[in-house]
């Protein structure tokens, strides 16, 4: 059941990955493609009542997403709705993939895996625990890199912490977000969270200090600006906390399945 849960979770997370690039409205083609990918992911499951429930859930979630993404909403409200959507998906998948309902992969998928292992001695060592570990790590990457970004931007909206543009005629700040710096932080933050995930999963906690120090050295002069320093410090700490939390949960699951 856990393998099916992780498989479906990864399908959902893949379709949510484009949210990383859009703090505002998502283009309709991306929404339509995500809907198609989610439905296609069900082809690997055994047909039954649970699959019908999943089709219904996918239809409802995508209709709500379309409605919210096509409306002019405050950015904080939009980001908050996306996080609520992820939480709802986790609850729905957790319920539908429980032992009570007995969802499983289709017979042809299981047969194909067994036949593939039989054809090659190199693949014969693969066990369900290995598939669980790979699926958990993939979900951890999506959560730490992409979903954590949505959570960070939502918290930035709540805390009103953003890099602001500087006027050309003085040191006073214009009431305009510095989109260049904001987008730069998007990429740097993603790399930072990916490295944090890798370090924590490998038990290299000391490397986190090196990561923070290296990041601070590259922005040393900009830290004289109080507003930027607050944005930099809050963003870095929250980014590491979110990615580290995902890594610890993933690490705990890997220990259980080892």
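Checking the condition assigned by TED's automatic domain parsing to the domain that holds residue 100, modelled with pLDDT under 95 and closer than 28 Å to residue 162 by Cα, which residue from 7, 22 passes? Selected residue: 22, the only one of 7, 22 that is assigned by TED's automatic domain parsing to the domain that holds residue 100, modelled with pLDDT under 95 and closer than 28 Å to residue 162 by Cα. Might you check whether a residue that is free of Cβ contacts under 8 Å to residues at least 60 places away in the same chain and in contact with a strand residue (DSSP E or B) (Cβ under 6 Å, 6 or more places away or on another chain) occurs anywhere in the range 43-52? For the range 43-52, residues free of Cβ contacts under 8 Å to residues at least 60 places away in the same chain and in contact with a strand residue (DSSP E or B) (Cβ under 6 Å, 6 or more places away or on another chain): present. Checked against the criterion of being modelled with pLDDT under 70 and either surrounded by 20 or more Cβ atoms within 10 Å (Cβ to Cβ) or closer than 23 Å to residue 18 by Cα (or both), the candidates 145, 134, 177 yield just one match: 177. Looking across the range 55-71 at every residue that is touching a residue at least 12 places away in the same chain (Cβ under 8 Å) and within 27 Å of residue 161 (Cα to Cα), the one that is surrounded by the fewest Cβ atoms within 10 Å (Cβ to Cβ) is identified as 70.
The values are calculated or read from the model by the stated rules, or taken from the named source; none is laboratory data. Bear in mind the structure is a predicted one, so any value in this text is a computation, not a measurement. Using ideal geometry, Cβ is built from the backbone for each residue, glycine included, and neighbour counts are taken over all protein chains shown.
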